[in-house]
Amino acid sequence: MQSVLRKLGLDEINAGGFCGEWLGGGELLTSDSPIDGKPIARVKQCTPADYERIISRAHDAFLKWRTVPAPVRAETVRLLGNALRDAKKDLGELVTIENGKIRAEGEGEVQEMIDICDFAVGLSRQLYGLTLASERPKHRMMEQWHPLGVVGVISAFNFPVAVWAWNSALAAVCGDPTVWKPSSLTPLTAVACTKIAERVCKETSVDPAIFSLVIGPGSSVGEKLINDRRVPLISATGSCKMGYRVGEAVSKRLGRSLLELGGNNAIIVTPSADLNLALRGIVFGSVGTAGQRCTSTRRLIVHESIEKTLTEKLVAAYKQVRIGNPLESGTLMGPLIDDGAVEDMMKAVTRVREEGGEVLYGGERLSGDKYPGGRYVTPCIARAKNDFKIVQEETFAPILYVMTYRTLDEAMAMHNGVPQGLSSAIFTNDVREAELFVSPAGSDCGIANCNIGTSGAEIGGAFGGEKETGGGRESGSDSWKVYMRRQTNTVNYSPDLPLAQGIRFGD
C-alpha cells in the first residue's frame with residue numbers, strides 16, 4: 001500500500017485543497033480502508049478561507065480558459081487521458097484500497113476516466129451551433145455556445161474518480177474550470193487525481209486551477225459551494241436526500257443543477273428469456289461493487305411460471321460468490337464502504353421480514369480473520385412485494401428483492417411503481433416485449449436495456465435518470481451543452497431595420 005501511495009505522490013498527511021497551490025488549514029480527515037478498517041493516510045481539510053481562495057482562483061482561470069479555442073483546450077484533456085493510462089494500475093489499486101471494490105472494477109473505473117477523456121477530445125470539435133433562417137431580408141441568424149463558468153463537481157464514494165472525470169473532461173473542453181468536492185470517505189483518490197491533473201497542466205502551460213479540489217465537510221465547504229453564485233452549475237452525484245438539498249439551494253439562486261441520484265433498478269424476466277443469460281446479468285447487477293452502484297439491480301420481476309427455477313439458480317450462484325479481500329485474485333465481492341452501510345443493510349433485512357417478505361439467502365454480517373474490519377456481508381435474496389416500504393427505498397447494499405407477475409402490463413406497472421428512475425432491463429426473446437419495454441409505454445427510466453443487466457454504462461451513451469434520480473445526464477452526444485451557455489445572434493447586413501413578425505413602427 002505504501003508503495004502505491006508513493007507512486008501517486010501521496011504522503012502520510014496530504015493537503016485537501018488545490019487551486020494551483022495546495023491548501024488545507026482545517027481538521028485532519030483520516031481515510032480508513034474498508035478492507036480491514038485500518039487507516040491509509042490523512043488529509044488536511046479546507047477551511048472557509050481556503051474555499052474562498054480556491055473559488056477565486058478557479059474564476060480567474062475561467063476568464064483566461066474561456067478564450068482558448070476548444071480543440072486547443074482538448075490537448076490538455078488528451079494528455080490527461082494519457083497520464084491516467086500511465087497511472088491506471090496504481091490508481092486502480094488505490095480505488096480498491098480506499099473504496100473496497102475488486103481490482104477489476106478499480107482499474108475499470110480508471111479506464112472510464114481514460115475513455116471519457118478520449119470522448120471529450122472528440123467532442124471538442126463538435127460544439128455545434130445552428131444557422132437559422134431569418135424571416136427578415138438580409139439578416140443572418142445563428143446560435144453559438146459559449147463557456148459557462150466554474151463548475152462545482154460533488155462526487156460520491158462509490159465511484160470516487162470516474163464521476164470527476166465524466167464532468168471535468170467535458171467541462172474543460174467546453175471552457176469551464178471545475179472545483180471538485182469528493183466524498184469524505186474517499187479523499188485520497190481525489191488528491192491523487194488532482195496531482196496527476198496538476199502535472200499535465202504544468203506540461204501544457206495551463207493554469208492548474210482549471211482542475212481545483214476542495215475537501216471538507218458538507219456542512220461548511222459543501223454548503224458554500226452549492227450556494228455560491230460564482231458557480232453557475234453544480235453537478236452532484238449521491239443520494240436522493242442530498243439531491244433535494246442541492247437542487248433546492250441551487251434553484252434559489254437560479255443556478256443550474258446536474259443531478260445523478262439514487263436508483264431502484266429492476267430487471268424483468270419473461271418466460272421466453274434465456275435464463276442463463278439473465279442469471280449472469282442479475283448476479284453482476286446485484287452483487288457487483290457489493291451492491292453499491294447507483295445502477296445496481298435492486299428488484300427482480302419474474303414471471304410466476306419460471307420464478308422457482310430462476311430463484312434456485314440465483315441461490316446456487318450466490319453461494320459461489322467469493323467474498324473477501326478485493327485485492328486478492330478471484331474475489332468477486334469486497335466489503336461495504338463503512339459500518340453505517342452494514343447497519344443499513346442489516347436493518348433492511350429485518351424490515352423486509354417484518355413486512356412479510358422471506359429471505360431466501362444471505363443477508364448476514366461476516367466475521368473472523370478472513371473478514372477483518374467488520375464490513376463484509378453475504379449478498380441477500382429476498383421474496384418481497386413491490387409495495388413494501390423497504391422495497392420502495394434504495395438500500396445501498398447487495399439486497400435483491402424478488403417478486404412475480406402474470407401479465408407484462410402488471411410487470412411494467414410494478415417496474416415503474418417506485419420513486420426512482422435510473423436504469424432498467426428486460427430479458428426476453430420476444431421482440432414485441434422488447435419493443436414495448438423501450439417504447440413510451442415501457443420503462444420510465446433514463447436507461448432501458450434488453451438482454452443485458454442494469455449495471456455497466458458505456459461512455460458514449462447519456463447517463464442519468466428521471467423522477468427522484470434527478471433528471472441529469474452525463475456523457476452522451478450532446479452532453480457538452482449543459483456545461484455551456486446558448487446565445488442567439490442576428491446580423492443585419494442591409495441598410496434597413498425591418499422588425500420581426502412584420503411589425504411596422506414609426507412609419
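The values are calculated or read from the model by the stated rules, or taken from the named source; none is laboratory data. It should be emphasised that the depicted structure is a prediction, and the values quoted were computed from it without experimental measurement. Ideal geometry is used to build each Cβ from the backbone, glycine not excepted, and the neighbour counts take in all protein chains shown. Just so you know, the surface numbers come from the protein's heavy atoms only, side chains and all, with ligands and any DNA or RNA stripped out. Shrake-Rupley method; radii C 1.70, N 1.55, O 1.52, S 1.80 Å.
Some points to look at:
- Restricting segment 449-458 to residues that are crowded, with 19+ Cβ neighbours inside 10 Å and assigned to a loop (DSSP other than H, G, I, E, B), the residue that is nearest to the chain's Cα centre (by Cα) is 457.
- Qualifying residue in segment 98-108 (condition: touching an Asp or Glu at 6+ places or on another chain (Cβ under 8 Å), touching a residue at least 60 places away in the same chain (Cβ under 8 Å) and open to solvent by less than 10 Å² (accessible area, probe 1.4 Å)): yes
- Yes/no for residue 335 being surrounded by 21 or more Cβ atoms within 10 Å (Cβ to Cβ), more than 24 Å from residue 416 (Cα to Cα) and touching a Ser or Thr at 6+ places or on another chain (Cβ under 7 Å): no
- Segment 163-190, residues that are part of a loop (DSSP other than H, G, I, E, B) and touching a residue at least 60 places away in the same chain (Cβ under 8 Å): 174, 175, 176, 177, 184, 185, 186
- Members of segment 87-122 found to be hydrophobic (A, V, I, L, M, F, W, C) and either on the phi > 0 side of the Ramachandran plot or assigned to a loop (DSSP other than H, G, I, E, B) (or both), listed by number: 87, 102
- Within segment 112-151, restricting attention to residues that are among the β-branched types (Val, Ile, Thr) and in contact with a Phe, Trp or Tyr (Cβ under 9 Å, 6 or more places away or on another chain), the residue that is nearest to residue 89 (Cα to Cα) is 116.
- Tally, over segment 166-214, of residues that are farther than 20 Å from residue 110 by Cα and either modelled with pLDDT under 95 or charged (D, E, K, R) (or both): 4
- Selected residue (only one of 151, 191 is over 16 Å from the mean Cα position of the chain (by Cα) and buried (at least 24 other Cβ atoms within 10 Å of the Cβ)): 191
For (1) free of Cβ contacts under 8 Å to residues at least 60 places away in the same chain; (2) surrounded by fewer than 17 Cβ atoms within 10 Å (Cβ to Cβ); (3) under 16 Å from residue 261 (Cβ atoms); (4) among the hydrophobic types (A, V, I, L, M, F, W, C), each residue gets a yes or a no:
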| site | (1), (2), (3), (4) |
| --- | --- |
| 396 | no, no, yes, yes |
| 399 | no, no, no, yes |
| 403 | no, no, no, yes |
| 417 | yes, yes, no, no |
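- Of the set (1) more than 20 Å from residue 96 (Cβ to Cβ); (2) open to solvent by 40 Å² or more (accessible area, probe 1.4 Å), all apply to residue 363 but (2).
- Residue 259 being in contact with a strand residue (DSSP E or B) (Cβ under 6 Å, 6 or more places away or on another chain) and of a type outside the set (Gly, Ala, Ser): yes
- Residue match in segment 74-87 (condition: over 18 Å from residue 213 (Cα atoms), modelled with pLDDT of 95 or more and open to solvent by less than 10 Å² (accessible area, probe 1.4 Å)): yes
- Of all residues in segment 419-433, exactly one satisfies the criterion of being open to solvent by less than 20 Å² (accessible area, probe 1.4 Å), aliphatic (A, V, I, L, M) and not in a strand (DSSP E or B), namely 422.
- Tally, over segment 264-294, of residues that are in contact with an Asp or Glu (Cβ under 8 Å, 6 or more places away or on another chain) and either of a type in the set (Phe, Trp, Tyr) or part of a loop (DSSP other than H, G, I, E, B) (or both): 4
- Restricting attention to segment 171-188 and to residues that are among the hydroxyl-bearing types (Ser, Thr, Tyr) and open to solvent by 10 Å² or more (accessible area, probe 1.4 Å), the residue that is farthest from residue 117 (Cα to Cα) turns out to be 184.
- Among the residues of segment 123-134, those identified as part of a loop (DSSP other than H, G, I, E, B) and either under 36 Å from the mean Cα position of the chain (by Cα) or at pLDDT below 95 (or both) are 124, 125, 126, 127, 128, 129, 130.
- Just so you know, in segment 275-307 the residues that are under 16 Å from residue 400 (Cβ atoms) and open to solvent by 50 Å² or more (accessible area, probe 1.4 Å) include one that is nearest to the chain's Cα centre (by Cα), and it is 284.
- Of all residues making up segment 109-143, the number that are buried (at least 24 other Cβ atoms within 10 Å of the Cβ) and charged (D, E, K, R): 1
- Residue count for segment 459-507, restricted to those that are surrounded by 15 or more Cβ atoms within 10 Å (Cβ to Cβ), touching a Lys or Arg at 6+ places or on another chain (Cβ under 8 Å) and outside any strand (DSSP E or B): 5.
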